Every structure is written in structure tokens, then in C-alpha cells.
Number of protein chains: 2
Amino acid sequence: MRILIPALLAAAALPAIAQTPPAPPPPVTVPADVAKLRDAALQDDYAWDITEGLTTEVGQRQAGTEAEARARAWAVARLTAMGFANVRIQPFTMPVWIRGAESAEILAPFPQKMVVAALGNSASTGPAGITGEVVGFDSLDALRAAPDSAVRGKIVFIDHKMAPTQDGSGYGQFGAPRRQGPTIASQKGAVGIVVRSIGTDHHRNPHTGTQSFANGATPIPAGALSVPDAEQMVRILKRGQPIRMHLTLVSRTLADQQSGNVIAEVPGRDPSLAPVLVGGHLDSWDLATGAIDDASGVAIAAAAAKRIMDAGQPLRTIRIVWFGAEEPGLFGGAAYQKSLGTQPHWAMLESDFGADRIWRVTSKLGTERRTEARTIAAALAPLGIVAGSYEEAEGSDIGPMLAAGQPGVGLSQDGTRYFDYHHTPDDTLDKVDKEQLRQNVAAWTATVAVLAGPISPRPAPKAGRRR
Amino acid sequence: MRILIPALLAAAALPAIAQTPPAPPPPVTVPADVAKLRDAALQDDYAWDITEGLTTEVGQRQAGTEAEARARAWAVARLTAMGFANVRIQPFTMPVWIRGAESAEILAPFPQKMVVAALGNSASTGPAGITGEVVGFDSLDALRAAPDSAVRGKIVFIDHKMAPTQDGSGYGQFGAPRRQGPTIASQKGAVGIVVRSIGTDHHRNPHTGTQSFANGATPIPAGALSVPDAEQMVRILKRGQPIRMHLTLVSRTLADQQSGNVIAEVPGRDPSLAPVLVGGHLDSWDLATGAIDDASGVAIAAAAAKRIMDAGQPLRTIRIVWFGAEEPGLFGGAAYQKSLGTQPHWAMLESDFGADRIWRVTSKLGTERRTEARTIAAALAPLGIVAGSYEEAEGSDIGPMLAAGQPGVGLSQDGTRYFDYHHTPDDTLDKVDKEQLRQNVAAWTATVAVLAGPISPRPAPKAGRRR
């Protein structure tokens, strides 16, 4: 009633003209085969099996290393065994940063060891390490505002407190100390930097990640403390006594190492039509088996394509791309963009935010394809997925191509616990929730079936003998 | 109704004699000052402050090392500053096992690194490590049953699956692979052993802990894999291919190192009466700051004594003992037992199972002190604590003295999440829940107030000038 009264008052105050509401959009129909494929995907474990296999039989697969090469070989064998066509590697080369020994130790006033991991492209301290006084800042802005004299010759520590969000939107804001802190600290004359891990957990597992020294800044040793260690540092800083730290972050850099994308296809009935690209990235950080980042991503994309392929032949080709070298800077996406990525695509989709459930679908297919976009949303609604914007898609490797005008669909995964494990030693298979993964694959399957369809059913197998 | 029918049938079948129920025990009264101290303790953070201080200003404090010596110095200063009397160190010496570099790597069939921690008293592999074929067993009994020929020259792996329990009772059963596995593996000719961590978490943080080679078994390198790594090993074993592992567990052993108990007292009004001992252990494992094992334990015991001391003087002396060197084998408890522990004590209590809430009270005070035991139970009931057996108490360092006949009270802490962190790098301050810790201290305060009381109130301070 309290809502009704202002509405009545407002109506009374309006001029007495006829109000014509916009016409509702025409209803869309979800094709029966799309609904059937979606529901069938809720029952299978194609994606789990790929995730389990890749993380067990390859393990970590850092970009540009022999481990990533083993992952490519594994991927070619697996995608071939699954029945996909045109399985191939698209090679490229890249520089590689390699982690060595690392440790952090408070020498005074309270001697104790801390857990640290170097950030990508950190300078090496050499095996002897460096020793310096710690100067602490509670944010990147506080470091920015500090006079050089407060930083020069010291080891910078930046605190912050990343909070979990469903859509992962905190990664931009809270990732800034990792991405920009080392450059700013270097420019102010620091001899090294440790940041609070960009993470939402409370475990002694630091979060690595890439950064690069910009604007001509001299590389300095740069690491991340685990969240409990960063909180310990804050408590020690509060005591107000000078802190001396010994920091060892050994690393080396290699030029022109081999990486590559692995590509496979479900050929469409009309090869002249633009393909639907579905992908994830094959490489992981070196600290763990990368189950959520991004073994489950490549698995989700392939599982959706597999189920459609088994049901029949889609009108359009579905192209699976397992990108190489995403973590150090989207090298695989760039290699694809330079070659096939300039050709028209019907849509691009990438799974790179864990294995939890899809909660929202967005798309950027253009106004003339609104009915297609609305059909996707209608197909996903029974999975508890809400319809978002028709003006945006998302993806890491495909991001630059989406920005360059390629159409795309964004299937937003629940990222509430993603930054508990992201880029840590803890990104292992036990973090994947089979039930949520099934919902995720079901959403992908329905989406790709709409985009690549209609699907011509395969002829029913002949009746076999009954046992 | 289904319950009633058999009861009626059973009654009908009984001989027709008069049933006299046992007389209910006489009511007990909780002294008003005990209730008041209990409720006041729910509002303060004495225990948090001690836990925060010890874990921040000392950090890890492995028994027999310079870190434990710093912890003793810290303890003497803190207990003195809190106003306790007779603060002193009871020294003793002990052998010390020291951890060095450690790593584990699968060389074949799927090359990858695993996270491992040496168990106490592990033999050293030397810096070059050892390489061997892995033979896996799904339980300690399976290892026991294996022929020597299946084990000789290999690295044994023992799996199991520890489940969390409120009372921690799984530690006996699931701790067996750690405690007995190395000895059995050695006796069968293994060159090394790694066990699944004795833990209920899923993080890449292995659980260390002590073990000793019994029955003349030759020491071999012995470590614990983190739970995710142990699960990975099980998946690799299931592939059925030979597994080669490179294992490095460097360590050394030092004889006759210095340790000690730290003792402080609240003197009672009648020094001739047996004291009430409240304690925990000051040392921790070396991997973390030991916030739950056992900084919070020493803090809880001292916080209870502090609140009583501030309210007045108890009849009996309260003796705080922060035991040294519990982890490697109850050395501090043994040193106390040999000296003061043979004298009569009114009761002994030890907190060594984390910082979570008390859920049960048991006691072993003798039948003639049943009213006292029931008064304690009545004082704790408002905190949601149930009354358990009158025939048992518990404690690690005090265990042998309780077994030798000393009376005691057991305040059982909720251990559901204790083995998520126990003996891992993750035993840090952020795992302590302030609210649960307050309930815990309130229970201790009420219990100790009953045991050491009555408490003579201090004279009220003179009225000061009003501001």
C-alpha cells in the first residue's frame, strides 16, 4: 500500500495524455533440441574428465616451458580421441620468465619467516638476496603520494583488503598494487617490493600474477606475501619499530621460447559461414595444476562442442581454441588475432573464471541479431541464469578481438570464491565442484547450440541385437 | 507411538515389584562471584591480546631453538607485566631435530612438483635427495600386510581420509600412518616414505608432526604430502604406470639444546593448600606462528588467572605453567612432573586444542568432590556447555600426571576445524575466532574460580576526584 499511494499521487499530477507503453518484444521459442542438449549436459562429466586428465597427467603448464609443450601434446591427443576434426597446433614464440628460489625473512624487530612468491617479470635478487628496511603503505595511492625520500633504498610493502564479489569486479581495483606497484616503487627508488596477495583467502599460499615495468622503470625484485603474512606485516608495522627484511626472489628470463594454440573443430554443414569460436587457455601459472585457471575453462568449451557434435552436425563450424600463454600477457590470443582472428566470426566465447555456476548471460551480437540473443537468454533461464546487457561480452584472450568488433557472448561465472585460489599453489582439482561444473557446461551447450545451429540430427543407429 | 509400544510390552513382562528411582542429587549453587567473573570474561580480550602478542612478536617457536628461548623471554616479561607473582623459568635440555630444504617431484610418468614437509625425526636425504619408485597403500594396515618384497628399495606412500570430528577423536586412528608408518616402512626395507597429511583441509599446506623410529628401525626420510598432493598421487597411481619420485628432505639433529617451562602464580590465601595448575604449551611447530597450537592455549589459561587475580585473592594458589617442548614429545610436562609434579595438586587443566568454544566439561576429582565437580558443570551450563564424565580429564603435558593420579578437569574445545590447520603453515592468528575465544576464556575463568575459590574481594578503590 505504501508503494501504491505515491503512484496514484504521481498519476494524478501527470497531464491527461494517453500513455503508450513500448510494445513488448515478440516471444522467442527455444528449439526443442537445444533444450534437450542443455538438459542432457546436466547429467554428464565430459568437462570433469578433461579437467581431471589435464591436471593429473600434465600438472602445471607454464607458458613457453616444456610443461606447456606436454600440455599441447596432451591436448592434441585428447581432442583427436574425442572425435574433433582439424586438430592442430598454431605455434608462436614468446619471452619466458622463470621462477627460482624465493624466501622472505624479517630480521628485526621480530625475526620470522614469511611466505612469498615472485610476481611475473620480477627482477632477480640473485641467490644471496637483498636486505632492506620495510616501508609500508595501506594502498597504492598512499605509495603514489609518498615523497621519493620515504621510499629510496627501501623495500616497499603495500597492503589493501580485497573483498570477494560474484562478478570478480574487484580484480581491477585490488589488482592495481600488483600491476602498478612495482613500477611506482621502482621509480621512487625502492630496492624491492612485496604486496599483499591479490586474494580473498586466508591461507599461507601467495598469489602470483604478471606485471611489467612501465615507463622505463628499472625492474626491481617484486613479490606477493600470502594474506596471513601481509596481515602479520601490518601488525608488526603497527609496533612502530624499524623493520629489516631479507628478500630472496631468484628468477631468469629466456627469449623466443615455443608456445602455441591448440585448435580443433566440429565442421559445420556450410563451411562458407563464419564459425563460432569457443575457448579457454591451456597454460597455467607454475605454482599449481591450474584446475580453475584454466583447465576447467578449456574443458567446458570442449564439452559443449562434444555434446553438440555427438547429437548431429551444426549449420556453422564450431572452432575450439585452447589458447597458449594467456597468463604472461595474452600471447595466444594475439597470435590467433593476427591470423584467423581477422576473419569474420559468428560469435566468440571464452571460459576463464573458474568452474562455478553461470549466473548471467550477456551478449554483443548487434541489434539485428536480438532475437538470437533473446533465444539464448530464454534457453538459459531454466538454469537460473539472468539476462544481462545486449551490448557486452567478455573474455581474456578474445578481449582484444571483441574490442575490435567481433561479436561475442559472455557467460558470467560465479566468482565469489575464485580469488581464494587464483594464481596460488591451491588451484588444484579438489576446488572444482562437479555439480556447478555441470550447470556451467549445460549453459555453454545451449548457448553454442543456438549460435551454431540448427543441428541436423544424425541418423539413428540401426537397432542392434538385444542382449 | 512405535517407541511406546515396545516399552509397554516390556513393562508388562517385568515382575510386579516396586521400582524406586535413584534419589536426585542435591541441588548445587553457583557462587555469585563465579557467575560474575564468567560473564565479565565474555566481554574482554585478555586471551586475544596474549595470542596476538606472542604470534606477532615471536612468531614460530620450535622447541629447543633460539626462537623458543625468545618466547620464554617474552613470556617472562608479559606474565610479569600482567602482575603475576613468582614468574620464573624451569630449564631443561633436550635433543632437537631441525628441518632443512625439502621438495618432492614426480619424474615419471607425469612430471610435476608436489608439496611436502618432513615429519619430526625424519632421516635426512642430504641435499641431493633420493630417487625411487613409489608404492602406494590405502591404509597403514595395507602396508603392514604387504610382503617386504613389495616395499624393499621403494618410496612408500600411504593414503587415508581423515574426517573432522568435534572431539578430535580421529587423531588417534588417522594419525597412525604418521606415527607408525615410517617405522613399518623402514622395517620392510623402504628407502623413504610420504604419507597423506593428517589433516581435514584441502590446501597445499602439509601437516608436519612428530614420529619416532621404534623397535630398532633404521631412520629413513619421512614426509607428509599436502592433502591435494596426496589425492593427486592417488589419481596418478590409478593410471597403473610405474611412478618415479625424487624426494629431498634435509634435516639435522642437535643434542642437549636448551628448553624450559615458564611458571607464574597467583598466590593463594593459604599457601599450604595444593595449587590449581592451569597451562598450555609455549612451543610451536616451525612452519607457522602456532596461533591455535598453542598460543591461544597459554593465553586462555593466563587470561582466566588474570581475571580472578584482578577480582581478589583466591583461597588456593593458581599456578600458570607454559610448558616448553610439547610438540617433539612432552619434554616440558616430563620436567615438571619430575620436580613439582609429584606434589599434591588440587587440579590440573591444560588448553591444547585450539581457540574454539568449549562444548563439554569432564572432571576427575574423586567421588568425595562430586559437589565441586557439579558446581563447575552448573557454572558452565549457561555457556552452552554440557556435563560429561566425572571419571576423566584431558591434557597433553599434564596427561602423564593425570594418569599418575593427579586430579584434573577437562574443558573440551570444539575441534571440528582444528585439523584444517594443525601443524601446518596455516596455523596463524587469522584462524582464531575472537567470539569463540571469549566463550572459552569464560568457561576457564568460572572453572578455575570454583577450584581455587572462594575469592576474597579486593577492597574497593577509594573514590577519586570526579573529572
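Each 10 Å bin from 0 upward holds the following percent of the Cα-Cα pairs of segment B:262-308: 24, 44, 23, 8, 1. With the convex hull drawn over the C-alpha atoms of segment A:110-242, the volume per residue is 107 Å³. Partner shielding of B:425-435 amounts to 4, given as the average count of beta-carbon atoms from other chains within 10 Å of each residue beta-carbon.
FRET efficiency for the pair B:ALA387 and B:ASN86, taken as 1/(1 + (r/R0)^6) with r the Cβ-Cβ distance and R0 = 25 Å, rounds to 0.15.
Label-point spacing at A:THR20 relative to the other copies reads 9.8 nm, in ascending order, each point sitting 7 Å out from Cα along Cα→Cβ. Centre-to-centre separation between the Cα atoms of segment A:98-154 and those of segment A:275-351: 37 Å.
Mind ordering B:121-127, A:344-350, A:372-378 by average Cβ neighbours within 10 Å, highest first?
Going by the mean number of other Cβ atoms within 10 Å, highest first, we get A:344-350, A:372-378, B:121-127.
Averaged over the residues of peptide A:110-123, the number of Cβ atoms from other protein chains lying within 10 Å of each residue's Cβ is 3. Here segment A:179-223 and segment A:409-442 have alpha carbon centers that stand 26 Å from each other. Dimensions of segment A:311-372 based on its C-alpha atoms, expressed as ranges along the principal axes with the largest first, amount to 38, 31, 30 Å.
Checking the cross-link pairs A:LYS113/B:LYS161; A:LYS238/B:LYS306; A:LYS113/B:LYS338; A:LYS113/B:LYS431; B:LYS161/B:LYS434 against a 24 Å limit on the alpha carbon distance flags A:LYS113/B:LYS161; A:LYS238/B:LYS306; A:LYS113/B:LYS338; B:LYS161/B:LYS434 as lying beyond it.
Look at the stretch B:232-239: the mean tally of other chain Cβ atoms within 10 Å of its residues' Cβ atoms is 3. If one puts a single equal scatterer on every Cα of segment B:208-301 and applies the Debye formula without solvent, what log₁₀ I(q)/I(0) results at q = 0.14, 0.20, 0.24 Å⁻¹? Debye intensities relative to I(0), on a log10 scale: -0.87, -1.20, -1.32. In terms of overall dimensions, the C-alpha atoms belonging to segment B:20-165 reach 69, 59, 31 Å along their principal axes, ordered largest to smallest. Rounded to the nearest 20, the Cβ-based charge dipole of segment B:110-242 about its Cα centre (Lys and Arg +1, Asp and Glu -1) stands at 220 debye.
Proximity of backbone amide H atoms, modeled 1.01 Å from N, is registered between A:GLY268 and A:THR317, A:ILE318 at under 5 Å, excluding neighbours fewer than 5 places apart on the same chain. Principal-axis analysis of the Cα atoms of chain B puts helix B:32-41 at an angle of about 40° to the longest axis. Using only Cα atoms and rounding to the nearest 10 degrees, what angle (0 to 90) does helix B:434-452 make with the longest principal axis of chain B? Tilt relative to chain B: about 50 degrees. Volume per residue for segment A:183-342 equals 155 cubic angstrom (convex hull of Cα atoms).
Of the Cα atoms belonging to segment A:318-426, the radius of gyration and Dmax stand at 14.7, 46 Å. Think of the axis that spins chain B onto A; the B residue whose C-beta lies nearest it, and the distance in whole Å, is B:HIS203, 3.
Can you say what percent of the DSSP beta bridges in chain B, counting only those with both residues inside, are antiparallel? Round to 5.
In chain B, approximately 60 percent of DSSP beta bridges are antiparallel ones.
For the protein assembly as shown, taking Cα atoms only, Rg and Dmax work out to 32.6, 103 Å respectively. From the Kirkwood radius over Cα pairs of chain B, Stokes-Einstein at 37 °C and 0.692 mPa s returns a whole-number translational diffusion coefficient of 137 µm²/s. In segment A:136-184, the convex hull through the Cα atoms has an average projected area of 3.3 nm², a quarter of its surface area. Against chain A, whose longest principal axis is taken from its Cα atoms, helix A:370-380 shows a tilt of about 80°. Cross-link partners of A:LYS188 among aspartates and glutamates, defined as those whose alpha carbon lies under 18 angstrom from its own and excluding same-chain residues fewer than eight positions apart: A:GLU133, A:ASP138, A:ASP141, A:ASP148, A:ASP159.
Can you tell me what the convex hull of the Cα atoms of segment A:31-102 projects to on average, as an area in nm²?
7.7 nm²
All of the numbers you see were taken from the coordinates with simple rules; none came from a lab. Remember, predicted model here, so these are calculated numbers, not experimental data. Cβ coordinates were reconstructed from backbone atoms using ideal geometry, including for glycine residues, and neighbour counts include every protein chain displayed.
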